[in-house]
1. Write down the radius of gyration of the chain and its Dmax, each obtained from C-alpha positions, in Å.
2. With Kirkwood's inverse mean 1/r over C-alpha pairs for Rh, give me the Rg to Rh ratio of the stretch 229-378, two decimals please.
3. Output the antiparallel fraction of DSSP beta bridges having both residues in the chain, as a percent to the nearest 5.
4. Show me 540-549, 276-285 ranked by packing, highest mean number of other Cβ atoms within 10 Å first.
5. How large is the Kirkwood hydrodynamic radius of the stretch 446-502, in angstrom, based on all distinct alpha carbon pairs?
6. Pairs of lysines 8 or more apart, or on different chains, with alpha carbons under 29 Å: count those in the stretch 519-611, would you?
7. Considering only protein heavy atoms and a probe of 1.4 Å, how much of the accessible area of the chain is carbon and sulfur, as a whole percent?
8. Nearest 500 deg cm²/dmol is fine: what mean residue ellipticity at 222 nm does the chain get from its DSSP H runs of n ≥ 4 alone, each adding -39,500 (n - 2.57), divided by its residue count?
Amino acid sequence: MADNGEFSFTNKAAGMNLVDRSRLPRIHTHVNKNGICHDDSAQPVKAQTIDELHSLQKKKSAPTTPIKDSSNASTFSVISDEERQKLQLQSISASLASLTRETGPKLVKGDPARKSETPRVAHHHHDYFTPTISVSDSALKFTHVLYNLSPAELYEQAIKYEHGSFITESGALATLSGAKTGRSPRDKRVVKDETTAEELWWGKGSPNIEMDEHTFLVNRERAVDYLNSLDKVFVNDQFLNWDPEHRIKVRIVSARAYHSLFMHNMCIRPTPEELEDFGTPDFTIYNAGQFPCNRYTHYMTSSTSIDLNLARREMVILGTQYAGEMKKGLFGVMHYLMPKRNILSLHSGCNMGKDGDVALFFGLSGTGKTTLSTDHNRLLIGDDEHCWSDNGVSNIEGGCYAKCIDLSREKEPDIWNAIKFGTVLENVVFDEHTREVDYTDKSVTENTRAAYPIEYIPNAKIPCVGPHPKNVILLACDAFGVLPPVSKLSLAQTMYHFISGYTALVAGTEEGIKEPQATFSACFGAAFIMLHPTKYAAMLAEKMQKYGATGWLVNTGWSGGRYGVGNRIKLSYTRRIIDAIHSGSLLDANYTKTEVFGLEIPIELEGVPSDILNPINTWEDKAAYNATLLKLAGLFKKNFEVFASYQIGTDNKLTEEILAAGPN
Ligand SMILES: Nc1ncnc2c1ncn2[C@@H]1O[C@H](COP(=O)(O)OP(=O)(O)O)[C@@H](O)[C@H]1O
Ligand SMILES: C=C(OP(=O)(O)O)C(=O)O
Ligand SMILES: [Ca+2]
Ligand SMILES: [Mn+2]
């Protein structure tokens, strides 16, 4: 390097200083009258101490308050922020009241780590949270409430206090859901009282395992006492259902920032104004997470319990931190509340073309609802839970919950790009230094998941509502490899397959499932429905008839042999099939009918090799194909026996046609 400039560095001689300080220009400072040096390039900060400096960093934002008592609605607009905060804390305290104590715990808003907050607010609230029974330690203690925190605040809480929380390279919050990495359907209990005994589906095949009111209260008290024993609890006040006429207000009380952020993403997020008008929730979840149920409690068969009380409009979660339990728990509640209003609740994805054609995607976990409803050429209404009312369709949720195993940027770019700041990434494995996620790694579980707000998908339809569906697509992931990649269904066939709800359950989403296996789940969601399957089926048939929707069966599973022999149908082929359904071109194709299941299958479909359209062509061993086909048909028939004696709605003719629409 030439030694000709004032700022040149020199390293010519070994052992010399890299920078020759004598050649650098001096920084000119002046000495003021106090004798203190200043660098005059910027104004000095308006702070005398470090604490003061830090206090400048955060701008005060008015606390949002959900409480509006209808009795003082007229005075609401003039009440002070302080008064609002009082009312809000009263409502949350009422939610957290232990039943024996009549009054809730003393609550303080904010993070207990910010010590200065406690005495100030504590002083305010002392006068009206007077314990009504003899004072115990729990009655003396304050519970801090972290109310509807923002994603940024929840990130900080998670990273500071929850083991296994990290920021990934793309900005998502990686978390661990603990010992449970999937739902626990065998630990779900529903209170059987006079009303629910009549209304709900009980007995063989039903997901509703009974418990009594008293046992529910035992578990509720256990969860509430646990939550109140913590230094802080998270409270989310949010909405379900984008149809404004049928919106449900939900409150979620939980112990972890992870759970609060998950529900922030999955439920509909209220605006600050909506939160001020929130009032009393329609439904409350008490999620005690890791805290187990007590095995001496009646009806308990493990340390996990998910308890639903429809009369009290409450759910209690003990002994599992799997967040999907809350999301699907609320879905069950909607399967009860919506049909009462003559609205059909659907375990389906939903999207809409630019011309307003809506498609529903029914299917069990892992069959492709999220993947196929997230379609760059169409508007996403939702990926998992919808309502079909006289107004059309509406999403129940405010977010999506995508499977991440083997996620690829190329095949699923919209989901890939949604995994950014704000997204909860469950149970994934990442590089400890770069924080790059390895989506192929199943070390924690195969059921790795991303939960993100629906607006993270660029072509989301906000508000998430649409007109009546034109196509009803039933997704089955057929591990036997004998169902065709696509079949056009008659209404009776659609109902037969809807009631059957066949798929191969893919590993991981439910505890204890290690390999795909054939399963039947009525209405493609037996784990979540509350009424008898034929009630939902009758509503679906009526709506499909009324609005002229076409039914389709799409196999997103195996081709060329059963699981272990053949391969899963390429996602790109399934996408071409779905495109042809949306565009209407498949409706006009030439069809042939299959043996045994009597399914109408197209002879040709653009972008898909014709020989895979009929599965027999893809099997080398034709005898094995026929045997497997008959085996699956037998399983269908056996499963349907329990439904053979039921009437579907008021239409005798349709009921008979449905019974005849299965395999022969
Ligand atoms: N042909 C296919 N069609 C749909 N999904 C497929 C196909 N092949 C592989 N997959 C994978 O299967 C999974 C489907 O999961 P997902 O869409 O989350 O199901 P659901 O939402 O119904 O639970 C995704 O991981 C997707 O990448
Ligand atoms: C969260 C779930 O939904 P899905 O797998 O259908 O996306 C689940 O079934 O637990
Ligand atoms: Ca599901
Ligand atoms: Mn899904």
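The values are calculated or read from the model by the stated rules, or taken from the named source; none is laboratory data. The structure displayed is predicted, hence computed values, not measured ones. Heads up, the Cβs are rebuilt from the backbone with ideal geometry, glycines too, and the neighbour counts pull from every protein chain shown. Surface areas here come from the heavy atoms of the whole protein model, side chains and all, with no ligands, DNA or RNA. Shrake-Rupley method; radii C 1.70, N 1.55, O 1.52, S 1.80 Å.
1. Both quantities, over Cα of the chain: 29.3, 101 Å.
2. Numbers: Rg = 17.2 Å, Rh = 17.2 Å.
For the stretch 229-378, the value is 1.00.
3. Numbers: 59 of 97 bridges.
Taking every DSSP beta bridge within the chain, about 60 percent pair in antiparallel fashion.
4. Working: 540-549: 16.8, 276-285: 18.8.
So the peptides 540-549, 276-285, ranked by packing, come out 276-285, 540-549.
5. Numbers: mean 1/r = 0.0668 Å⁻¹.
Roughly 15.0 Å, rounded to one decimal.
6. Working: K535/K543; K535/K546; K543/K593; K546/K593; K570/K593.
Close lysine pairs found across the stretch 519-611: 5.
7. Working: 15660 of 30340 Å².
The C+S portion of the solvent-accessible surface of the chain is 52 percent.
8. Numbers: 17 runs with 179 residues, N = 664.
For the chain, the value works out to -8000 deg cm²/dmol.
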